[in-house]
Structures are given as C-alpha cells and as structure tokens.
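Everything below concerns the one structure shown next.
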2 protein chains.
Amino acid sequence: MGLTRSEIFTDEQNQLSTLLKAIAHPARIAILQRILISNTCICGDLVEELGLAQATISQHLKELKTAGIIQGTIEGVSVCYCINPKTWKLLEKRLGTFFGSYKGETSCC
Amino acid sequence: MGLTRSEIFTDEQNQLSTLLKAIAHPARIAILQRILISNTCICGDLVEELGLAQATISQHLKELKTAGIIQGTIEGVSVCYCINPKTWKLLEKRLGTFFGSYKGETSCC
DNA sequence: AATACTTATCGTAATATTGCGATATAAAAT
DNA sequence: ATTTTATATCGCAATATTACGATAAGTATT
C-alpha cells in the first residue's frame, strides 16, 4: 500500500495526472508564472524572488523539467529555463477536452 | 520542513495548486471522467468499475468534495455525486488564463 | 426489531513530497 | 591556477499521500 496503482488506469489518465501533479504546487505555479511573463528565466532570479532556498528552487525546477513542462539550457555560468512548447500545448489541449466535456448543471443532484 | 510554505505565495497560487492537487491523481481523474459522462454518479458504481477498494474510492471522493470540485447528495441508501458547477467553471477559467498567457516559442532558450 | 445494503471513518503500513543545509560540479573571471 | 559565481545533488527530518481491512453509521427492506 501507499503506492498509486497506475496499472489499473489508462495511459492517458496516468499521463494527465503526472503533468497536473508537476504543476500542483504553489512554488511551481509561481515559477511557471514568472517564466510566462518574461518568456525566459534564470534560476538565480527565482531564488531571490520566491524566498525559498536555492536547493528547493532547483528541486522544483527539476520536477518541472522531468515532467517535460519546462526545458533548460546552460548559458555560461547560469541556466536559462523556458516553457517546453510541445508539452505545454498538449496539456492545454487535454485540459480543454477534460473541462469542456462538462455538459452543465442539468439533472444534477 | 516537509511542509509547503503557503505563506510566501499569493492566495491565487495557493488556491490553484490546491484545486490542481485534488485532480492530480489517476483515480480521481477517472472518477471525474465517469461523472462527466453520465452527469451523475453513485459511489458504488465507481467501486465496481475502477477496481479500487471501497474505502479508497470513498477517500478519493472526499478529497474531491473537500476541494469543492464535486458535491454529493444522499439518495436513499446511496450517495449521488456530481460536478460542482461553480468550482468547475472557476478552475476552467483560471487554467485558461494560465495556459493562455504563454506567448509562444519566440526567443526561447 | 432484525437484516441487508451502502457509504464513511479509523487505524495502519508503505511510499512520496517538501524544504533545507552541506557539499559537489562546472563555467567565468581574476 | 585560484577564486568567484551559479546550479545540482546528497542526506536528512518533517509531513503528506495512498491504499486497504475493519468497523461504524445510516437508510431500506423484511
């Protein structure tokens, strides 16, 4: 026990939940919002602006990167992060389908 | 440590992450998809269809309910669950804004 | 009232997440 | 080559999540 039983769900359900889990943390939402504003973002800026330890920020960035939501390029001594367009659009589309399939409040309990 | 530092984030960031966390599990995605299809859903059906123990399904339903994503009404001996329209639309809108604020792949790293 | 049926809650074990100090790694500047 | 600067990784403690058996609680039927 204590382990999500992924094998009983579809690949789509597992994928969607993995992507959502990567975003479902206030620090990671803040990081993404910061990237979305300036299109690009250097790790050090986040450490200053968010008020979390450098190790913590680095860990959150890694999670977003592992999930494929952002990508990082080494730029001299620092690392430049930005949105991974492919995953971003995929997730946007999946969520659109998911939320859009709600038929409204008819015959609800 | 080991505790999310909510106090350093905005209410919006905390709220969004809470809602996303509620959805970010394959079982809960499956539950929501099932509700979305038939507009309504009885707990017992989920137990049969998903292949998780009754206690586990009940716990997932509680999490979705606590987050305000679904609502349940007692219907005789069983409980009828459906989408909470208000939260659903709020989350849909917030996610739309979030994902829509991506400006595209220009000058990415 | 006793039984059947459905859902919720409790308790618990296994695993995952969060945060951070310390330290490693790697490139740039001196 | 040494020092500075920026990021990643390790190790750990605190907390959270996941799953489920057992059992409680509540309604319906007999």
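The values are calculated or read from the model by the stated rules, or taken from the named source; none is laboratory data. Just so it is clear, the structure is predicted and the values come from calculations on it, not from any experiment. Cβ: placed from backbone, ideal geometry, glycine included. Neighbour counts: every protein chain shown.
Name the residue that is nearest to DNA strand C (Cβ to nearest atom), counting only residues in the range B:60-89 that are under 15 Å from A:GLY104 (Cβ atoms) and surrounded by fewer than 19 Cβ atoms within 10 Å (Cβ to Cβ). Checking each candidate, the answer is B:GLN71. Scanning the range A:5-60 for residues that are under 22 Å from B:ALA53 (Cα atoms) and touching a His at 6+ places or on another chain (Cβ under 7 Å) turns up just one, A:SER17. Here B:SER58 clears all of (1) away from DNA strand D (no atom under 15 Å from the Cβ); (2) more than 10 Å from the chain's Cα centre (by Cα); (3) among the polar types (S, T, N, Q) except the condition numbered (1).
Restricting attention to the range A:1-20, the residues being within 10 Å of DNA strand D (Cβ to nearest atom) and of a type in the set (A, V, I, L, M, F, W, C) number 4.
So that you can scan it fast, the table gives a plain yes or no per residue for (1) more than 30 Å from A:THR56 (Cα to Cα); (2) surrounded by 13 or more Cβ atoms within 10 Å (Cβ to Cβ); (3) without any contact (Cβ under 8 Å) to a residue 12 or more places away in the chain:
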| site | (1), (2), (3) |
| --- | --- |
| B:PHE9 | no, yes, yes |
| B:ILE29 | no, yes, yes |
| B:VAL47 | yes, yes, yes |
| B:ALA53 | yes, no, yes |
| B:GLY96 | no, yes, yes |
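State which residue is nearest to the other protein chains (Cβ to nearest Cβ) when the search covers only the range A:21-43 and only residues that are near DNA strand D (Cβ under 10 Å from one of its atoms) and part of a helix (DSSP H, G or I). The qualifying residue nearest to the other protein chains (Cβ to nearest Cβ) is A:LYS21.
Looking only at the range A:44-56, which residues are within 12 Å of chain B (Cβ to nearest Cβ), within 12 Å of DNA strand C (Cβ to nearest atom) and part of a helix (DSSP H, G or I)? Those that are within 12 Å of chain B (Cβ to nearest Cβ), within 12 Å of DNA strand C (Cβ to nearest atom) and part of a helix (DSSP H, G or I): A:LEU50, A:ALA55, A:THR56. The set of residues from the range B:60-101 being under 30 Å from A:VAL79 (Cα atoms), among the aliphatic types (A, V, I, L, M) and not in a helix (DSSP H, G or I) is empty. A residue that is of a type in the set (Lys, Arg) and either over 16 Å from the mean Cα position of the chain (by Cα) or within 15 Å of DNA strand C (Cβ to nearest atom) (or both) cannot be found anywhere in the range B:90-100. With respect to being over 20 Å from A:GLN15 (Cβ atoms), assigned to a loop (DSSP other than H, G, I, E, B), touching a helix residue (DSSP H, G or I) at 6+ places or on another chain (Cβ under 8 Å) and not aliphatic (A, V, I, L, M), B:GLY104 fits the description.
In the set B:GLN13, B:GLN33, which member is at pLDDT 95 or above and either within 13 Å of DNA strand C (Cβ to nearest atom) or buried (at least 22 other Cβ atoms within 10 Å of the Cβ) (or both)? After ruling out the rest, the residue left standing is B:GLN13. What are the residues in the range B:98-109 that are under 18 Å from A:ILE29 (Cβ atoms) and either crowded, with 16+ Cβ neighbours inside 10 Å or among the hydroxyl-bearing types (Ser, Thr, Tyr) (or both), if any? Selection gives B:PHE98, B:PHE99, B:SER101, B:TYR102.
Scanning the range B:85-94 for residues that are away from DNA strand D (no atom under 14 Å from the Cβ), among the acidic types (Asp, Glu), at the interface with another protein chain (Cβ under 7 Å from one of its Cβ atoms) and without any contact (Cβ under 8 Å) to a residue 40 or more places away in the chain turns up at least one hit.
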